[in-house]
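First comes the structure, then the notes that go with it.
The values are calculated or read from the model by the stated rules, or taken from the named source; none is laboratory data. A quick note: this is a predicted structure, and the numbers were derived from the prediction, not measured. All Cβ positions, glycine included, derive from the backbone under ideal geometry; neighbour counts span all protein chains shown. Surface areas here come from the heavy atoms of the whole protein model, side chains and all, with no ligands, DNA or RNA. Shrake-Rupley method; radii C 1.70, N 1.55, O 1.52, S 1.80 Å.
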Amino acid sequence: DQQVKQNSPSLSVQEGRISILNCDYTNSMFDYFLWYKKYPAEGPTFLISISSIKDKNEDGRFTVFLNKSAKHLSLHIVPSQPGDSAVYFCAASAMGNQFYFGTGTSLTVIP
Amino acid sequence: DVKVTQSSRYLVKRTGEKVFLECVQDMDHENMFWYRQDPGLGLRLIYFSYDVKMKEKGDIPEGYSVSREKKERFSLILESASTNQTSMYLCASSRFREAYNEQFFGPGTRLTVL
């Protein structure tokens, strides 16, 4: 049973525009969320995180929004760049235990 | 610079063979993890370890075992490889019990079982 879902397998965005990647979860005990980025033939690398006590966290071009009532988080990339083309995974944890990963969204930024 | 290395990038084995996947981290991390990544399924946790000689089952441990004899090394063992174990295997590590600590991943091993 998939506790973390990314319903869009792929997304294409023009360079300079905003990319919005979405993630939904079912477990209300999740209190920490991360986004990872994965290039082909490489392992995932940490991008940004958010705790459930916040509803927004920003790091440069990357912002993560958390809507606890909807059990939904999103990653915004502004402006999108061709180097952002990768697979993005969201992950969630309850009280520091194991992380549950989503199925990933493949982002393509078109120059 | 933190580093997690995996012994092979690509591996081809035959059904029934015993397969060892090795992972080494140089960050003195206590926690180590083995995942497999499959299309449409994301990353699924196979086993993890919080300390030497300690192991915990993840979500899909069937058909796998692990060994952690040294802090820096975590091995995944397929006792008798089967075709449904063809996958990308990812190792990760993180600091102990620092809740919400990010995991650092290795580059992955693409295993094909014929």
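Give me the base-10 log of I(q)/I(0) for the protein assembly as shown at each q in 0.12, 0.17 Å⁻¹, Debye formula, one uniform scatterer per Cα, rounded to two decimals.
For the protein assembly as shown at q = 0.12, 0.17 Å⁻¹, log10 I(q)/I(0) is -0.64, -1.22.
Taking only C-alpha pairs under 8 Å that are 6+ residues apart, what is the relative contact order of chain B in percent?
Working: 299 pairs, mean separation 40.8, N = 114.
This gives 36 percent for chain B.
Given R₀ = 25 Å, FRET efficiency for B:Leu41-B:Glu79 by Cβ-Cβ distance, to 0.05?
Working: r = 22 Å, r/R0 = 0.89.
It comes to 0.65.
Only Lys, Arg, Asp and Glu count, each charged at its Cβ (+1, +1, -1, -1), so figure out the dipole size of chain B about its Cα centre, rounded to 20 debye.
Details: 17 positive and 16 negative charges, 63 e Å.
Using Cβ point charges on Lys, Arg, Asp and Glu, chain B gives about 300 debye.
According to a simple spin-label model (label point 7 Å from Cα along Cα-to-Cβ), what is the distance in nm between B:Glu69 and B:Arg95?
The modelled label-to-label distance comes out at 3.0 nm.
Can you compute the FRET efficiency between B:Arg110 and A:Ile53 using 1/(1 + (r/R0)^6), with r the Cβ-Cβ distance and R0 = 35 Å? Round to the nearest 0.05.
Numbers: r = 39 Å, r/R0 = 1.12.
In this case the efficiency is close to 0.35.
Just list whichever of A:Lys5/B:Lys18; B:Lys3/B:Lys70; A:Lys54/B:Lys3; A:Lys68/B:Lys3 have alpha carbons separated by over 26 Å in the model shown.
Details: A:Lys5/B:Lys18 33 Å; B:Lys3/B:Lys70 16 Å; A:Lys54/B:Lys3 30 Å; A:Lys68/B:Lys3 34 Å.
The answer is A:Lys5/B:Lys18; A:Lys54/B:Lys3; A:Lys68/B:Lys3.
So what does B:Lys55 come to for accessible area, using a 1.4 Å probe and Å² rounded to 10?
110
Note down the nm distance, to one decimal, between modelled labels 7 Å out along Cα→Cβ at B:Ile60 and at A:Gln14.
3.9
Comparing A:Ala41, A:Ala94, A:Ala86, which has the greatest mean-square fluctuation in the GNM of chain A with Cα pairs linked when under 10 Å apart?
A:Ala41
Compare B:His29, A:His72 by solvent-accessible area with a 1.4 Å probe and give them largest first, with all protein chains kept in place. Walk me through the intermediate numbers first.
Working: B:His29 5, A:His72 50 Å².
In descending accessible area the options line up as A:His72, B:His29.
To the nearest whole number, what is the average tally of beta carbon atoms from other chains within 10 Å of the beta carbons of peptide A:36-48? Please report the intermediate quantities before stating the final value.
On the way: counts 4, 0, 5, 1, 1, 6, 4, 14, 11, 3, 5, 1, 1.
That works out to 4 on average.
With contacts defined as alpha carbon pairs under 8 Å and 6 or more residues apart, what's the relative contact order of chain A in percent? Don't skip to the answer; put the middle values down first.
Numbers: 274 pairs, mean separation 41.8, N = 111.
The value is 38 percent.
Per residue and in cubic angstrom, what volume does the convex hull of the Cα atoms of the range A:4-110 have? Intermediate values should be presented prior to the final figure.
On the way: hull volume 9.7 nm³, N = 107.
Enclosed volume per residue, from the Cα hull, is 91 Å³.
Roughly how far apart, in whole Å, are the Cα centres of the range A:52-107 and the range B:1-48?
Each part reduced to its Cα centre gives a spacing of 24 Å.
Express the accessible area of the range A:4-110 per residue in Å², computed with a 1.4 Å probe while the remaining protein chains stay in the model. Can you show the working numbers first?
Values: 4770 Å² over 107 residues.
Value for the range A:4-110: 45 Å² per residue.
Residues of B:37-45, mean number of Cβ from any other protein chain within 10 Å of their own Cβ, rounded to a whole number?
On the way: counts 8, 1, 3, 4, 4, 13, 12, 3, 4.
Mean inter-chain Cβ contacts per residue within 10 Å come to 6.
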